[in-house]
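Report on the following structure.
The values are calculated or read from the model by the stated rules, or taken from the named source; none is laboratory data. Keep in mind that this is a model prediction, so the values were computed, not measured. Every residue, glycine among them, receives a Cβ derived from its backbone with ideal geometry; neighbour counts consider all protein chains shown. Side chains included, ligands, DNA and RNA excluded: accessible areas come from the protein's heavy atoms. Shrake-Rupley method; radii C 1.70, N 1.55, O 1.52, S 1.80 Å.
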Amino acid sequence: MKDQFRQPHSFGHDGSSRPATYQHPQGDLNSWGEVETVKLSVTPAKKTFFHAVLNHLPGPLKHTILTMQTLVQDPQPEELATRGLAEGKQERALGLFPILTFLTALGLLLVSLSYFLSSYGNAVFEFVFLLGLLLMFVPHLVRLLSPAPSRLERLCLLCVLGISLYFVQFMVSTLHFSSYDEFIHWRTADDILRTGHLFSENPMLTTSPFYPGMEMLTNAISTMSGLSTFYAGALVISAARLLMILALFLFYEQITESSRMAGIATIIYMTNPHFVFFDALYNYETLGLPLATFMLYLLARYETFSTQKYRWFIISAWIAVVAVTMTHHMTDYVFDSILVLWAITSLFQKTAAKFRAHLAAIALFAVFLSLAFVFFLSGNPVLGYLSAYFIHAFTNLSDIFAGTGAPRALFVTNPSVPATPIWDRLLMLASVALALFGLPFGLLGLWQQHRHNALAITFGIVSFAYPISQVFRFTNFGAEITDRSAAFFFLPLSYILTIFITYFWPTRKRKLSLKALSLITSAIAIMFLGGVILESGPALSNLPGPYLVTADVRSVEPEGIQAAVWSLNYLGPNNRIATDRINRILMLSYGDQRIVTGLDDKVDVAPVFYASKLGPKEMGILREGKIRYLVVDLRLSTSLPLAGFYFEEGEAGSFSLTSPISRAVLTKFNAIPQIKRLFDDGNIVIYDIGAFANGSGQ
């Protein structure tokens, strides 16, 4: 075998899309692609720089940095077999795939058992739940770290693991939607199906009707198959999950030139907090993110083959841009930014002129389309919706830095909820710390070997946003920014961490040592568990368990659903109703009612419920909101809200309540003769206040 790496589909050293040939800088290669003679050397300039920086660092950290600096001299740490470049026909056997699939099924069985045990307390529930997740995740991780599996086996393992992790979320509720976001998008899908028109009003999430890509696809499947919106949505999510796994693997394989590195990067991406739960829900990011990732893959692939024969790559990328724009605003804006940054970076690299022109054109088109959706789509409220959220978050953060506000206490919800166990705290902290620890080492490898590639430099720049986003964890209004951004920032972060792993533990000897394998597996498994716990919410509120007050998934139960169904059957649809956070989404979806919100109506209804009596201020709110019915959940008086508020973010006392709302305050409506009590099941009461407020709006 020649002392060269044959790379028929790789980027050249100059960043062009021509075939590249690499000569190992540290010695000759034997028949296994290993370095026979390696000379560890550092130039005097580098010595001066590193000695100045490293002199004050601890010994182990200094040794790690110097070792990494030496190892990254190798332009490709992967052996030929894991890169699909070994001579002869590549083995396509499934290897251990059947066995690992069986272990995955056992893990799912343990997860389902843990859901059954949730009523016996969080300790038992969490132990069995995490054990099931580990049984699903760790065997796949160990196998993907090995250089032995074929490319086909890696793909099959990732697809099975990705779909199985979706089932972890699906098993939370297999008969109906249960998440806050899902109810909102269900209403949008039903409005489209019922009216036959796009862009209907959704008072709970005003932007949802203006980005209807997911709902349109759901309705198409529902109409053709006869399935309900829930099960048609489950098919959409399953397809989106498969697209995400395949797009991730193919994209990472394209930019790393290694199926093993692609497998490692993809499974690292699965450790981001949103992968198992939020991006497995019926919400527009769940479809928008896979479409955007697929678009990046098409462009990266086209850069390799910028010829007329492969023009369908660029055509498909243009179509994907349109689909992303129609599906989710935030995914659209993030990937527009990546495209623009990639196009700008390519100006300073030796990128093929034809590809640079295509990249600039598609970036400009994506930006134009995004702006068109904002300014030319009548009534699109996305700018006000996002700006209000970010303004609150940055204001909260600036108050903390200025000393005029207190940072949010981590791991603390409210006094009525047990404190987060110490092992959960350690896992969550470690998951973030490990990612931050590996980031600089991966960036070192990226700079050493891939700084001539515009996309690699783009990813390196974007990855800095991950540590910056962590500061928002200390704010009340911005903590969600950190979690939501992980799904985007883990795209470059997984690539960079994979560079660190594969350069620091190269596989030219075809086998990792047991010590290295155990270390890498433990670190990635901790990142995975920490991300899952982080997204599970306080007191594991996003998982099955007994009822909790204002805890989203744990607050959605048959009693509230039946009250909403009653309202539709006996009051009719589209009545203006004021109620708490949980009954809002139930009345919106099951009840088909018009919910009065601060987001859409600019009316804060919380004072009506908090006041000890209905005075002029409360009467003014009722009239301004044209409210006809009040839905009062007396269970609010039993505990502080787990979400930090009962009605909407920004209400008086939000995130700082010290005692539950009084039951006497909630029942004050019974003493007013003009208010009629129409429904009362002991916990949920529906009042008709039309005669009292004289503002039914009907």
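Over the stretch 142-279, with every protein chain in place, what whole percent of the accessible area is carbon and sulfur at 1.4 Å, could you tell me?
69 percent
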Item to complete: Assuming R0 = 25 Å, can you tell me the calculated FRET efficiency for the pair E559 and E648, based on Cβ-Cβ distance, to the nearest 0.05?
Response: 0.65
Practice prompt. Show that you can apply the helix-only estimate: for the chain, add -39,500 (n - 2.57) for every DSSP H stretch of four or more residues, divide by all residues, and state [θ] at 222 nm to the nearest 500.
Written response: -19000 deg cm²/dmol
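Just the projected area, averaged over all directions, of the convex hull on the alpha carbon atoms of the stretch 411-553: how many nm²? Write down the numbers at each step before the final one.
Numbers: hull surface 42.4 nm².
Projected area, direction-averaged: 10.6 nm².
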Discussion item. Rounded to whole Å, give me the distance from the Cα center of the stretch 504-575 to that of the stretch 315-375.
Written reply: 32 Å
Discussion item. Along the charge dipole of the chain, pointing to its positive end and built from +1/-1 on Cβ of Lys, Arg, Asp and Glu, which listed residue (L548, G460, S522) has its Cα farthest out?
Written reply: G460
Response to the item:
Residue separation between R663 and F394 times 0.36 nm, minus their alpha-carbon distance, gives in nm 93.3 nm
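If packing is taken as the average number of other Cβ atoms within 10 Å across a peptide's residues, how do 149-157, 590-598 rank, most packed first?
590-598, 149-157
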Discussion item. Bin width 20 Å, origin at 0, all Cα-Cα pairs of the chain: what percent of pairs per bin?
Written reply: 16, 48, 28, 7, 0
Worksheet, complete the sentence: The rounded separation in angstrom of the Cα centers of the stretch 590-651 and the stretch 164-180 is 29 Å
Item to complete: Using label points projected 7 Å from each Cα along Cα→Cβ, tell me how many nm separate Q674 and K626, to one decimal.
Response: 1.9 nm
Worksheet, complete the sentence: For 346-358, 548-560, ranked highest to lowest by mean beta-carbon neighbours within 10 Å, the order is 548-560, 346-358
Worksheet item: Percent antiparallel among DSSP beta bridges with both residues in the chain, to the nearest 5?
Response: 75 percent
Worksheet item: Under a point-charge model restricted to the Cβ atoms of Lys and Arg (+1) and Asp and Glu (-1), what is the dipole moment magnitude of the stretch 283-435 relative to its Cα centre, in debye to the nearest 20?
Response: 600 debye
Practice prompt. Multiply the residue gap between V322 and L227 by 0.36 nm, knock off their C-alpha separation, and tell me the result in nm, one decimal place.
Written response: 31.5 nm
Worksheet item: Which far-off residues, 5 or more places away or on another chain, put their amide H under 5 Å from the one on K676, with H placed in the peptide plane?
Response: D688
Worksheet item: Just how large is the dipole of the chain about the Cα centre, in debye to the nearest 20, putting +1 at every Lys and Arg Cβ and -1 at every Asp and Glu Cβ?
Response: 1420 debye
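In debye, nearest 20: dipole of the stretch 231-343 around its Cα centre with unit charges on the Cβ of K, R (+) and D, E (-)?
On the way: 5 positive and 7 negative charges, 61 e Å.
The calculation lands at about 300 debye.
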Discussion item. Run the numbers for L410 and E201: contour at 0.36 nm per residue of separation, minus the present Cα-Cα distance, in nm.
Written reply: 71.6 nm
